[in-house]
Amino acid sequence: MPLQFSAKPGLVAYITVGDPDLATTHNIAIAAIDAGADVLELGVPFSDPLADGPVIQRASERAVKNGTRLHDVLALAATLRTERPAVGLVIFTYYNPVLRFGLENFCDAAEQAGIDGVLITDMIVEEAVEYLAAARRHHLAPIFLAAPTSPDDRLERIAAASQGFVYAISRTGITGAQKSLTSDAEQLVRRLRRFTKLPIAVGFGISSPEQFAAVGEFADAAVIGSALVATIEQAGPKHAASSIARFIQGLRGAIKEPAVPAR
Amino acid sequence: MAAATANRLAGRFGPYGGRYVPETLVAALDELEHAYAEAQADPDFHLKLDSLLRDYAGRPTPLYFASRLTEALGGAKIYLKREDLLHTGAHKINNCLGQALLAVRMGKKRIIAETGAGQHGVASATVCALFGLDCVVYMGEEDMRRQELNVYRMKMLGAEVRGVSSGSRTLKDAINEAMRDWVTNVRTTHYLLGSVLGAHPYPTMVRDFHRVISREARAQILEKENRLPTAIIACVGGGSNAIGAFYEFIPDKEVRLIGVEAGGRGSQLGEHAARFSGGSPGVLQGTYSYVLQDDNGQIALTHSVSAGLDYASIGPEHAALHDSGRAEYTSASDAEALEATLRLARTEGIIPALESAHAVAECIRLAPALSPRDILIVNVSGRGDKDMGILTRELHLGN
Ligand SMILES: Cc1ncc(COP(=O)(O)O)c(C=O)c1O
């Protein structure tokens, strides 16, 4: 499974598929991979993204409006898998589109498309019995979110249920940029580390090269989401891919030491 | 995973319910579940709540024999359960008093709520004033426009009303925004959810706070008629007044339980909020239940003349009652609800909320076919003052 991070910190890039349109998303994805993203989170647009801030809400709304479906996300993934065999591919979604597709059908189709992992925003470990079984049958890594509010016993269960990596939410809140990283993130990673040897990726609100480098001091990878989606929004369809390439190169530029292999 | 399995079962109604939320909220839901269980076992909590319900809210509410409506329809004997007479004008205060006491027990000083018709927002603002808590109410801009009076009432009571401009700018969008606030401020804030919706423990807890409706109604009808009613009729938005009106009658198998959804202005997706005729099981805003959605799992837009019924999902316990057949669900159109409002006003001198008017509309359809031996209880969940703008326009009262 290529859910691996080649440099420290590893870079997980989130994009909302279908924003502004599928063809542009394809170009953006390729640009992000070639600029150094280790893992791509392909966001499935949803009408009611209640864990997202305004930037991803707007992207999701645009993608829903132009008719982007879970089918399209899977088809894009299959293309990317052929074109860039080494990249990690994760489907990032709310649960309802998956339920509607059928949990088993979805896992089957995701496996066929060459997806490595799945992250369902509104799925917690207690509700995940069927999901975990289906993911196991189809060799998909289930990735769960860990929050600063999760007590240790939950972190233990989250770590045990996750594969590929564990996603640590940097703060209480929705997705979106923030000026400074709170101490929540580092504390959470330290607590989580006691329960898992999996890589830990920190996400929510990381937007600057400085923050990216800071996360590298205590975590294995950083997830960049809203900052990429905002860049796409500002650049417009024609310049989106090149802007994303420049943005990601800028993040990597902030890492001064030579890249070291992830453990 | 034994603990996880037990947890999972606690919030399930058949296959429905559960807890589909971002991880950040789970600790707060657990805290609420524990606080609620402790309160349930604490006689002092019940004493406090009962005395507030009696002396502040005005319980018990009357079970009123609507003799003129009965006569006009020429069939079943009709009783009205008068939740409209409660302080703030709707059943919503039952739940708000309960949850406010819990918030105080948990030491949370900031309350957030969503509102559609504004009745839950007003009841939330009211209990926050009463307990000295900060109150922010999320309300879709479309609902702020059509339920304007309630916006001013909330402000008068000291609440901050935040307009929501996403989606169809109605109840569902207000809940999304409230959940975003909660996820951000979860350590200091209690989310006072206004119906039997959302993640466990809300559907169970909110239902329990409204059970008093059927507890009273059952005792009242036995006292007045010495027998149980043929049917209980209630409107169903999220389903809180309906589950409250049904609950104590569930073991009485001979009593029909009839929920009335918003039929809106047509049967196409987007034109109504009849989840059982137009929806299918799915997850929305924390719970697994019937949802109006398209083939790709995107949540559909809804329409109803009544803001309180204009919502794409329905409480999970209703989904279970629907599937088991213990309760029946039907719908009334915008036009039928408006007509029923006028009818009740002119025959009984009671102006119901447009939500409640959907239940009255079903009673008007059903009663003539029944015999005078039959008894119908209609839950009048709220009063219609908030709807005077819509009623004036739709019924041409300005002329
Ligand atoms: C008077 C009244 N009845 C009914 C409802 C619908 O909610 P529920 O189905 O939870 O009772 C509302 C909601 O705003 C209301 O104000």
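Some points to look at:
- Count of the stretch A:217-238 residues which are assigned to a loop (DSSP other than H, G, I, E, B) and open to solvent by less than 10 Å² (accessible area, probe 1.4 Å): 1
- Subset of the stretch B:254-285 (residues that are surrounded by fewer than 20 Cβ atoms within 10 Å (Cβ to Cβ), touching a residue at least 40 places away in the same chain (Cβ under 8 Å) and part of a loop (DSSP other than H, G, I, E, B)): B:265
- The C-beta contact set for the stretch A:200-216 (first residue surrounded by fewer than 20 Cβ atoms within 10 Å (Cβ to Cβ), second residue part of a helix (DSSP H, G or I) and among the aliphatic types (A, V, I, L, M), distance under 7 angstrom, 6+ apart or interchain) comprises A:209/A:251.
- Which listed residue is of a type in the set (Asp, Glu), over 22 Å from residue A:93 (Cβ atoms) and modelled with pLDDT of 95 or more, from A:122, A:153: A:153
- Count of the stretch B:154-191 residues which are of a type in the set (A, V, I, L, M), over 19 Å from the mean Cα position of the chain (by Cα) and more than 9 Å from chain A (Cβ to nearest Cβ): 5
- Spans of helices (runs of 4 or more DSSP H) in the stretch B:1-112 with at least 3 residues at pLDDT 95 or above: B:26-40, B:43-52, B:67-73, B:92-106
- Meets criteria (in contact (Cβ under 8 Å) with a residue 40 or more places away in the chain, within 14 Å of chain B (Cβ to nearest Cβ) and either of a type in the set (A, V, I, L, M, F, W, C) or part of a helix (DSSP H, G or I) (or both)) for residue A:56: yes
- Hits in the stretch A:69-101 - residues which are closer than 16 Å to residue B:296 by Cβ, hydroxyl-bearing (Ser, Thr, Tyr) and more than 9 Å from chain B (Cβ to nearest Cβ): A:93
- Condition met for residue B:45 (more than 14 Å from every other protein chain (Cβ to nearest Cβ), touching a residue at least 12 places away in the same chain (Cβ under 8 Å), farther than 30 Å from residue A:203 by Cα and open to solvent by 10 Å² or more (accessible area, probe 1.4 Å)): no
- Matching residues, the stretch A:115-134, being under 17 Å from the mean Cα position of the chain (by Cα) and more than 8 Å from chain B (Cβ to nearest Cβ): A:115, A:116, A:117, A:118, A:119, A:120
- If you filter the stretch A:135-151 down to residues that are away from chain B (no Cβ under 11 Å) and at negative phi, you find that the one that is most open to solvent (accessible area, probe 1.4 Å) is A:136.
- Among the residues of this structure, residue B:369 does not count as one that is surrounded by 24 or more Cβ atoms within 10 Å (Cβ to Cβ) and among the hydrophobic types (A, V, I, L, M, F, W, C).
- Only residues that are within 25 Å of residue A:57 (Cα to Cα), within 16 Å of the ligand (Cβ to nearest atom) and either in contact with a His (Cβ under 9 Å, 6 or more places away or on another chain) or of a type in the set (Lys, Arg) (or both) were counted in the stretch B:110-167, giving 4.
- Top-ranked residue of the stretch B:19-39 - restricted to ones that are free of Cβ contacts under 8 Å to residues at least 12 places away in the same chain and surrounded by fewer than 16 Cβ atoms within 10 Å (Cβ to Cβ), ranked as farthest from the other protein chains (Cβ to nearest Cβ): B:37
- Hits in the stretch B:154-172 - residues which are open to solvent by 60 Å² or more (accessible area, probe 1.4 Å) and on the phi < 0 side of the Ramachandran plot: B:155, B:156, B:157, B:160, B:162, B:165
- Any hit, the stretch A:83-99, residues being part of a helix (DSSP H, G or I), open to solvent by 10 Å² or more (accessible area, probe 1.4 Å) and touching a Leu at 6+ places or on another chain (Cβ under 7 Å): no
- Remark: pairs (first residue in the stretch B:223-252, within 13 Å of the ligand (Cβ to nearest atom) and in a loop (DSSP other than H, G, I, E, B); second residue among the aliphatic types (A, V, I, L, M) and at pLDDT 95 or above; Cβ separation under 6 Å; 6+ apart in sequence or on different chains) = B:236/B:242; B:237/B:309; B:238/B:196; B:238/B:197; B:239/B:196; B:239/B:314.
- Hits in the stretch B:309-328 - residues which are hydroxyl-bearing (Ser, Thr, Tyr) and within 12 Å of the ligand (Cβ to nearest atom): B:311, B:313
- Among the residues of the stretch B:293-317, those that are over 27 Å from residue B:148 (Cα atoms) and assigned to a loop (DSSP other than H, G, I, E, B) comprise B:294, B:295, B:296, B:297, B:298.
- Failed condition for residue B:302, given (1) farther than 23 Å from residue B:29 by Cβ; (2) more than 14 Å from every other protein chain (Cβ to nearest Cβ); (3) surrounded by 24 or more Cβ atoms within 10 Å (Cβ to Cβ); (4) in contact (Cβ under 8 Å) with a residue 40 or more places away in the chain: (2)
The values are calculated or read from the model by the stated rules, or taken from the named source; none is laboratory data. Values in this document were obtained by computation on a predicted structure and should not be read as measured data. Every residue, glycine as well, gets a Cβ built from its backbone with ideal geometry; the counts of neighbours run over all protein chains shown. Each accessible area value is taken on the protein alone, full model and side chains, heavy atoms only, with ligands, DNA and RNA left out. Shrake-Rupley method; radii C 1.70, N 1.55, O 1.52, S 1.80 Å.
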